[in-house]
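> If you scroll down you'll find the structure; I have some questions about it.
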Amino acid sequence: MQKTDDIDFILTMNPHGWSICRIFIGHDSYQITITHVFGNPYYDFIKALSKLIQGQESASFFWYDEPGGEKFELRKIKDRQHTLQVEVLGFKETLGEKIKEFTPTVEFEIPLNSFLTIAYLQLKKSFLLMKDKNYITIRRNDFPFEEFIKFEKIIKDYLSFS
């Protein structure tokens, strides 16, 4: 497991129901391809983040590819509640199939507030881009506006953003 504060990620909504998440840890990077065919990955991400903000010790979500995907497990570390352990586990099965085996993709620790800040800013970027008429044309229904607006209120309070 990598323990560093040199962590960032970029969440990019591509056209026609696809997204990419790039995770940067020091000099290493990991790319996760995400399909929107099986659900709304942004909604799932927002719900998991909201659970952590509301005091849950852990949350998880799946981002599917075609086939396979990644399971994200987010856990607050018991003796360091301000630190989050993030474990990303790959699998090969398609939605609906029983997942037989997870393969570690990446695992790291990050201050909880740092992770939430990065996540919020990536979601805010998508929210603002989806307001552009040209941008949204080939990305319809790919962003959960109502859920993001609720999330933005609770995260701004939690992180004391104005």
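> Using label points projected 7 Å from each Cα along Cα→Cβ, tell me how many nm separate T137 and Q56, to one decimal.
In this crude spin-label approximation the distance works out to 3.9 nm.
> Net charge within 9 Å of T35 by Cβ-Cβ distance, Lys/Arg positive one each and Asp/Glu negative one each, not counting T35 itself?
-2
> Please give me the summed charge of the neighbours of K100: other residues whose Cβ is under 11 Å from its Cβ, Lys and Arg +1, Asp and Glu -1.
Here the charged neighbours net out to -1.
> Order 77-85, 39-47 from most to least packed using the mean count of other Cβ atoms within 10 Å. If you can, show how the numbers build up before the last one.
Values: 77-85: 12.9, 39-47: 19.6.
Averaged packing, sorted descending, gives the order 39-47, 77-85.
> Calculate the spin-label point distance for S29 paired with T12, positioning each point 7 Å from the Cα along the beta-carbon direction, and give it in nanometres.
The modelled label-to-label distance comes out at 0.8 nm.
> Can you give the local net charge around R22? Use residues other than it whose beta-carbon is closer than 15 angstrom to its beta-carbon, Lys and Arg +1, Asp and Glu -1.
Details: positive: K125; negative: D6, D8, D28, D65, E70.
Its environment carries a net charge of -4.
> Given the Cα-Cα distance of L159 and K124 and 0.36 nm per residue of separation, how much length would full extension add, in nm?
11.1 nm
> Would you compute, from DSSP H runs of 4+ residues alone, the mean residue ellipticity of the chain at 222 nm, taking -39500 (n - 2.57) per run and dividing by the full residue count, rounded to the nearest 500? Please list the in-between numbers first.
Values: 4 runs with 51 residues, N = 162.
Roughly -10000 deg cm²/dmol at 222 nm, from the helical runs in the chain.
> Something else: According to a simple spin-label model (label point 7 Å from Cα along Cα-to-Cβ), what is the distance in nm between R80 and K150?
3.3 nm
> Here's a follow-up. Can you sort S19, S160 by how many other beta carbons sit within 10 Å, fewest first?
Going from sparsest to densest Cβ surroundings: S160, S19.
> Given a Förster distance of 35 Å, report the FRET efficiency between T117 and E66 from their Cβ-Cβ distance, rounded to the nearest 0.05. Provide the component values of the computation, followed by the final result.
Details: r = 31 Å, r/R0 = 0.88.
With a Förster radius of 35 Å, E is 0.70.
> With N residues in segment 117-162, what two-decimal value do you get for its Cα radius of gyration over 2.2 N^0.38 Å?
1.23
> Decide, for segment 2-159, between rounded, prolate and oblate: order the square roots of the alpha carbon gyration tensor eigenvalues as a ≥ b ≥ c, take rounded if a/c falls under 1.5, and otherwise choose prolate if a/b is larger than b/c, else oblate. Please list the in-between numbers first.
Numbers: a/c = 1.57, a/b = 1.12, b/c = 1.40.
Oblate, because a/c is 1.5 or more while a/b does not exceed b/c.
> Would you work out if segment 43-125 is rounded, prolate or oblate? Take a ≥ b ≥ c from the square roots of the eigenvalues of the alpha-carbon gyration tensor; rounded if a/c is under 1.5, else prolate when a/b is larger than b/c, oblate otherwise. Each step should come with its number before you reach the end.
Working: a/c = 2.11, a/b = 1.59, b/c = 1.33.
Since a/c reaches 1.5 and a/b is larger than b/c, the shape of segment 43-125 is classed as prolate.
The numbers here are math on the coordinates, done by the rules we state, and not lab data. These numbers come from a predicted model, not from an experiment. Glycine gets a Cβ as well: all are built from the backbone with ideal geometry, and neighbour counts include every protein chain shown.
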